[in-house]
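Note sheet for the following structure.
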Amino acid sequence: MNKIEKLIAELCPGGVEFRELQEIFHIKNGYTPSKKNPDYWTDGTIPWFRMDDIRQNGRILYDSLQHVTPQAVNNGVLFPADSIIIATTATIGEHALITVDSLANQQFTFLTQKVNRTLELDMKFMFYYGYILGEWCRNNTHASSFASVNMNKFKSFKIPIPPLEVQHEIVRILDTFSELEAELEAELEAELEARRKQYEYYRERLLSFSDGPKVRYMSIGEFGELVRGNGMPKSDFVEQGVGCIHYGQIYTHYGTWATETISFVSPEKAKRLAKVDPGDLIITNTSEDVGGVCKAVAWIGKSQIVTGGHATVLKHDQNSKYISYYMQTPNFFIEKKKRAMGAKVIDVSAKNLAKIKIPVPPLEIQHEIADILDKFDALVNDLSIGLPAEINARRKQYEYYRDRLLTFKEAA
C-alpha cells in the first residue's frame, strides 16, 4: 500500500467528498478592456492573460505578455492570485494557475475560491485536476458557429476534495513527476528539432535541382487550374455527410498530405462548395502573416471531398505530394511574398498564385522525390514511429498516471 492509499484508508475510508464547482468557486468570465481607449493600455502594470501566455510561458503563470492600467479594471476589482483560468470558448479546455492578481480576456472563465467554503482546497491540486475538467469541457460544448462550453453543466461539474494531506501528497508526486517528464521530453524535443533541421536541409537540396540536370520551370497556371473556394462556416459541420477540409484545419490538423477528413457537411451544402478530387491540392489564400499563406495539403483520399472559402483548389496532372513539398521551400516563400497583398490580413489571389513558377521534373522524378520526403516527414512528424512516437508515449504515460492519482471513490 502506497502513502496515498494509506492516507485515504486512514482519513476517508468511506470515500471522498465531491462538490460542485459553484459550491467551491466564484465563477466569472474574463473581459477585454476597450482597445480604443489608450488610457486602459498605455504603461499598464496589471497582468491581462490570453491564450498566447499559456502557449509561450506554460500553465503556471506569474506575469502576462500584455498589461492594462487600473482604469481598465471593472469596479476596480481584480481576480485574486491563486485562481484557475480555463478556456470555455474557442480553444476549449486549456487552463492555467494564475499566481498574481490579474485579469484575462473573455475566452477564459476564472475559478476563484470562495472564502466561506467548508472544505480545504490546495489550488495546485485543483490545477492538476484542471486537466480532467478541461477534457470534460471539450466533450460538453454547445453546437454552434462559435463553440462554447455549456456553462450550466460546467457550474454543476463535481470535483473530488480529499483531505488536505492527500491533496498535498498528490501535488508533491505530480510536481516531481512533471519535472522529470519535462526534462526527458526536452531532451527528446531537442533531438527531434535537430532531425527536423536535417529534414529541411535535404528537402531544399532535393528540390533545388542545383546538383542535377536542368529542369523546366512552369507557372502553376500552365499545368493546373485554380478554383477559388467559397464560404463554409463551422456551423455547417455535421456528424456525417460529405467529407470536407476547413481552412483553419489545414494549419492545425493536416500535414503535407491527407487521406481522410475530420469534418463533414451535408450533401446539400456540399453542392455549393469547391470540389476536391483525389490528387488535387487545397491551398490556403489568406493568413495574418505572409509565411502562412499558400499552405498546401495534397488530397490523396479515394473519394471526392469539398473545401470552403479562403482556400483554392489546384487541379493538375503532376504529383500532388511533390507540389505540396515544394510549396514549403524558401524559394516558393520568396515568390509568394512578391505577390502577397494586404496589411492586417495577407492574401495571395488565385490569379497571382497561378503566376508563380516552380520546377517541374519528369513525373518519375517527382514520384521519387515525394517518396524520399515522405520517409523523412514520417520520422519527424508521425506519432506512430520514431521520436514523435516516443514523445507521445511518454505524454500518454504521464497522463494515465496523473488521472489514476486523481480518481477517487465518492463518499455515499
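The values are calculated or read from the model by the stated rules, or taken from the named source; none is laboratory data. These numbers were taken from a predicted model, which means no experiment stands behind them. Cβ atoms come from the backbone with ideal geometry, glycine included; neighbour counts cover every protein chain shown. What goes into the accessible areas is simple: the full protein's heavy atoms, side chains included, and nothing from ligands, DNA or RNA. Shrake-Rupley method; radii C 1.70, N 1.55, O 1.52, S 1.80 Å.
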Accessible area per residue of the chain at 1.4 Å probe, in Å²? 52
Could you identify which residue out of Pro80, Pro47, Pro13 has the top mean-square fluctuation in a GNM of the chain using Cα springs shorter than 10 Å? Pro13
For Asn285, what charge total do you get from the other residues with a beta carbon under 12 Å from its beta carbon, if Lys and Arg give +1 and Asp and Glu give -1? +4
If each K or R counts +1 and each D or E counts -1, the residues other than Lys396 whose Cβ falls under 13 Å of its Cβ total -1
Taking the Cα centroid of region 265-328 and of region 151-226, what is the distance between the two, rounded to the nearest whole Å? 24
When the chain is treated as a Gaussian network with springs between alpha carbons less than 10 Å apart, the largest mean-square fluctuation among Phe333, Phe127, Phe110 is found at Phe333
The extension gain from Tyr131 to Ile372, computed as 0.36 nm times the residue separation minus the Cα-Cα distance, is 82.9 nm
Find how many whole Å separate the alpha carbon centroid of region 331-346 from the alpha carbon centroid of region 1-65. 40
Which of the listed residues, Phe333, Ala350, Val297, is farthest toward the dipole's positive end in region 254-412, when Lys, Arg count +1 and Asp, Glu count -1 at the beta-carbon? Ala350
Of all accessible surface on the chain at a 1.4 Å probe, what whole percent is carbon and sulfur? 52
Pairs of alpha carbons in region 285-348 whose separation is greater than 17 Å (percent): 46
Using only Cα atoms and rounding to the nearest 10 degrees, what angle (0 to 90) does helix 363-381 make with the longest principal axis of the chain? 10
Could you calculate the contour length gain from Asn139 to Asp403, that is, 0.36 nm times the residue separation minus the distance between their Cα atoms, to one decimal place in nm? 93.4 nm
Less than 13 Å Cβ to Cβ from Gly44, Lys/Arg counted +1 and Asp/Glu -1: what total charge do the surrounding residues give? -2
Name the residue, out of Ile86, Ile385, Ile161, whose mean-square fluctuation peaks in a Gaussian network model built on the chain with Cα pairs under 10 Å. Ile385
For P(r) over Cα pairs in 10 Å bins from 0, in percent, which listed value, (i) 4, 17, 23, 24, 19, 10, 3, 1; (ii) 4, 16, 19, 17, 17, 15, 9, 3, 0; (iii) 5, 25, 35, 25, 9, 2, 0, comes from the coordinates shown? (i)
Tell me the angle of helix 386-405 to the major Cα principal axis of the chain, expressed in degrees between 0 and 90 and rounded to the nearest ten. 20
Label points 7 Å out from Cα along the Cβ direction at Glu191 and Asp52: separation in nm? 3.4
Could you give the size of the charge dipole of the chain about its Cα centre, using +1 on the Cβ of each K and R and -1 on the Cβ of each D and E, expressed in debye and rounded to the nearest 20? 1540
Please name which of Asn37, Gly76, Ala90 has its Cα lying farthest along the dipole of region 26-148 towards the positive end, using unit charges on Cβ (Lys, Arg +1; Asp, Glu -1) and the Cα centre as origin. Ala90
